[in-house]
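Take this structure, written in structure tokens, and hold onto it; I'll ask about it next.
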Amino acid sequence: MKYFHLIWAALFRRKTRTILTLVSIAAAFLLFGMLDAVRTSFDQAGKSANGAQRLQTGSKLSFIETLPQGLAEQIARVPGVKSVAYANWFGGAYQDPHNQIFTFAVSDNYVDQYPEVQVSDDARKTYLQTRTGILVGDKLMEKYHWKVGDQIPLQSNIFPQLNGSKNWTFNIVGVMHPKETSAGFYSQMILMHWKYFDDSVAKGYNGGRVGWFVTRVSDVNQADRIAKAIDALSANSDHETRTQTEAAATASWMKQLADIGLIVGSIMGAVFFTLLLLTGNTMMQAVRERTSELAVMKTLGFSDHSVLAMVLAESVLLVLLGGVIGIALAAVLIPGVSASSGGMLNLPTVGASSWMLGIGLMLAIGAVVGAIPAWRAMRLNIVDALAGR
């Protein structure tokens, strides 16, 4: 540590270059912190359901496989189950086929499963009495300048009506207002009647089946037991189920679409490879500019190994400074990202394991990018350096 002031002075010899390099390193480790949180959330999802107020039951085979609607009555009889609702994906588009809106056909009690979503009593009553009635998220209402009482057309990207048309018409009867940021997803969602959907869709497209069930439990500490009991209902049948928390269900759905670990690993590999080139170039330039200074230090009595250690320490310090800033920024931003996702993402905070992995990467990258400049500085010939050769 007695040479720290020399290392620090050398590091900021070219302040603009050093600051720009630090920004690049910080950006790389900010991305690392965010992506590591995503990876961790997918790895942890589904390990335990205890603590969850709601469970989601879907097909064990694939998220696109449907289940018999009658399974709801069996689930309701499982000890510890408070209430059961069910839903289907509808996939509505407004005005333009590419303008997709999250639209679901749901049972009449679906909103009751989500106390964090507010719907007025009058709207609920009208919704139950209106066959073509829909509940619309407040942000969607603002976006399209809709109002209660409007009749709107939606085009399904999957389901045609009995007459073959994929154009459906609905009446807005109420607005959904999320009371918590974790339920913000519902502000951009449309809910329609499952019964109307099932009766009106062309034959062969649904036939009394649902995409998933949502179950509220009486005791969150019994959620694991309840999940296993629900899955036992369909064991060895042609519609075996998997019951898990909503976060785990989302993670499972994403894993069926893509290999999250491979995607995260590929992105970070590309980022850190670029970082190696960038930081390595910075250190090479920094040492090249100080050739004569390093020769003077050797003349004054600094050993070859001391010079090697100082250059290597400078490289490691550069990466450590930027990396710590980047991961710290990730720790600050992750809660906000989770909240703004409306419950779609449940990212864990940056924990000790992420910090340890991040610091390990910082030390390794710093050592790798500093190895060649440090070796050249150690092998530097005093006469040649002072002569400018």
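The values are calculated or read from the model by the stated rules, or taken from the named source; none is laboratory data. Computed from a prediction, not measured in an experiment: that's the story for all the values here. Here Cβ is always computed from backbone atoms with ideal geometry, including for glycine, and neighbour counts include all displayed protein chains. Note: accessible area is taken over every heavy atom of the protein model, side chains too, but ligands, DNA and RNA are not part of it. Shrake-Rupley method; radii C 1.70, N 1.55, O 1.52, S 1.80 Å.
Based on DSSP, what percent of beta bridges with both residues in the range 73-198 are antiparallel, to the nearest 5?
Beta bridges within the range 73-198, antiparallel portion: roughly 65 percent.
Summing +1 for each Lys or Arg and -1 for each Asp or Glu, what net charge is found among the other residues whose Cβ lies under 14 Å from the Cβ of residue 290?
For residues surrounding residue 290, the net value is +3.
Considering only 372, 230, 325, give the residue with the highest GNM mean-square fluctuation for the chain, with springs between Cα atoms whenever their separation is below 10 Å.
372
Further question: Relative contact order for the range 1-146: what percent, with Cα pairs under 8 Å and sequence separation of 6 or more?
Across the range 1-146, relative contact order equals 10 percent.
For the chain, build the charge dipole from Cβ charges (+1 Lys, Arg; -1 Asp, Glu) around the Cα centre, then report which of 360, 123, 171 sits farthest towards its positive end.
Farthest towards the positive pole: 360.
Ok, one more. Of the candidates 177, 193, 98, which one comes out as most mobile in a Gaussian network treatment of the chain with C-alpha springs shorter than 10 Å?
Ranking 177, 193, 98 by mean-square fluctuation puts 98 first.
For 240, 180, give the ranking by accessible area with the largest first, probe 1.4 Å.
So, going from the largest accessible area down, we get 180, 240.
Find how many whole Å separate the alpha carbon centroid of the range 147-206 from the alpha carbon centroid of the range 263-326.
58 Å
So if R0 is 22 Å, what FRET efficiency would residue 147 and residue 125 give, r being the distance between their Cβ atoms, rounded to the nearest 0.05?
For R0 = 22 Å, the calculated efficiency reads 0.75.
Got a sec to turn the phi values of the range 205-220 into Karplus ³J(HN,Hα) couplings, 6.51 cos²θ - 1.76 cosθ + 1.60 with θ = phi - 60°, whole Hz, x for Gly and Pro?
In residue order, the calculated couplings are 9, 9, x, x, 10, 10, x, 7, 10, 10, 10, 8, 9, 6, 10, 5 Hz.
For the full complex of protein chains and a 1.4 angstrom probe, list 239, 145 by accessible area with the highest value first.
Reading off the accessible areas and sorting them downward yields 145, 239.
Report, in listed order, any pair from 179/228; 125/179; 82/147; 139/166; 179/203 with a Cα-Cα distance greater than 28 Å.
From 179/228; 125/179; 82/147; 139/166; 179/203, over 28 Å: 179/228; 82/147; 179/203.
Return one whole number: the accessible area per residue of the chain in Å², for a 1.4 Å probe.
Here the per-residue accessible area is 51 Å².
Moving on. Leaving out ligands, DNA and RNA but keeping every protein chain, what accessible area does residue 212 have, in Å² rounded to the nearest 10, with a 1.4 Å probe?
In the full protein context, residue 212 sits at about 50 Å².
Let me ask another. At 7 Å along Cα-to-Cβ for each site, give me the label-to-label distance between residue 163 and residue 95 in nm.
If labels sit at residue 163 and residue 95, their model points lie 2.4 nm apart.
If we count every other residue with Cβ under 14 angstrom of residue 130's Cβ, Lys/Arg +1 and Asp/Glu -1, where does the sum land?
+1
Based on the Cβ-Cβ distance of residue 6 and residue 292, what FRET efficiency does E = 1/(1 + (r/R0)^6) give at R0 = 22 Å, to the nearest 0.05?
Taking R0 as 22 Å, the efficiency between residue 6 and residue 292 is 0.90.
At a probe radius of 1.4 Å, what is the per-residue accessible area of residue 146, in Å² to the nearest 10?
20 Å²
For 108, 219, what's the largest-to-smallest order of accessible area, 1.4 Å probe?
Reading off the accessible areas and sorting them downward yields 108, 219.
Going through the DSSP H helices of the chain, which span 27 Å or more along their own axis at the Cα atoms while scoring at least -1.0 as a mean Kyte-Doolittle hydropathy?
Helix filter hits for the chain: 15-44, 260-289, 304-340, 352-378.
Follow-up question, since we're still on this one. Considering Cα pairs under 8 angstrom that are at least six residues apart, work out the relative contact order of the chain and quote it in whole percent.
27 percent
Quick one: putting +1 on the C-beta of Lys and Arg, -1 on the C-beta of Asp and Glu, what dipole do you get for the chain around its Cα centre, in Debye to the nearest 20?
1060 debye
Using a Förster distance of 51 angstrom, determine the FRET efficiency expected from the C-beta separation of residue 203 and residue 363, and round it to 0.05.
The value I calculate is 0.20.
How large, in percent, is the carbon and sulfur part of the accessible surface of the chain at a probe radius of 1.4 Å?
Carbon and sulfur atoms account for 59 percent of the accessible area of the chain.
Ignoring ligands and nucleic acids, what accessible area does residue 273 show with a 1.4 Å probe (Å², nearest 10)?
130 Å²
Report the label-to-label distance for residue 303 and residue 61 in nanometres (one decimal), using points 7 Å from each Cα along the Cα→Cβ vector.
7.2 nm
Does a label point 7 Å from the Cα of residue 376, set along Cα-to-beta-carbon, have any residues of the range 288-319 with amide nitrogen under 15 Å, and which are they?
Within reach of a label on residue 376: 288-295, 308, 311-312, 315.
To continue, here is another question. Spin-label point model (7 Å from Cα, Cβ direction): what's the residue 31 to residue 355 distance in nm?
Inter-label distance under the simple model: 2.5 nm.
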